[in-house]
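Undergrad: Here you go, one structure.
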Amino acid sequence: MAASIRTLCGTAFRQSSRGFTTTSLVQAGIKWRIQHGLSRSGTEYGPLIDLPDWSFADGRLAPSLKGQLRRKQERETLARRVVTLSSEVDKGMEAWRDKQEEAIRMEEHRKARLFKPKGFLPLLPPLSRAQMLPISAKRRYN
């Protein structure tokens, strides 16, 4: 009788389209933790992870554990990388600004080298006939 129940349960289990999952237990509470400003899991950071487990009676701190030292080193490495990347971005922005200013200067220089328009310039006061004549013509009329 026990064998027939076992085969019946095994057959029903194999024919079931619904499988087992264990990920929901692992992910339980992630949304709540993130909404409350906590780490995704309870073992990433926080006072229970970062602070020492005990201290001496006279107030001295306990020596740091290997995991605490490793996490501290990882944070220092990350902070150095952030500073390095931030300085690279600042240098890149400064180089980009310099390049833009140089392009503006080159454009102004190019415009200054263009031929000037001939004839009467409306921005200048009107010239008399004597002022418009070349020097050789002025000698003939004088």
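All of the numbers you see were taken from the coordinates with simple rules; none came from a lab. From a predicted model like this one, the values you see are computed outputs, not experimental measurements. With ideal geometry, Cβ positions are generated from the backbone for all residues, glycine too; neighbour counts draw on all protein chains shown.
Undergrad: Hand me the GluC sites (Glu not before Pro) from region 34-83 located in a DSSP loop with no more than 11 other Cβ atoms within 10 Å, in residue order please.
TA: For GluC sites (Glu not before Pro) across region 34-83 that sit outside H, G, I, E and B with at most 11 neighbouring Cβ atoms in 10 Å, the list reads GLU44.
Undergrad: Okay, moving on. In whole Å, what three semi-axes, largest first, describe the equivalent ellipsoid of region 65-111 built from its Cα gyration tensor (square root of 5 times each eigenvalue)?
TA: 45, 4, 4
Undergrad: Show which lysines lie in cross-link reach of LYS99 when reach means a straight Cα distance below 19 angstrom and same-chain residues fewer than eight apart are skipped.
TA: Partners found: LYS91, LYS111.
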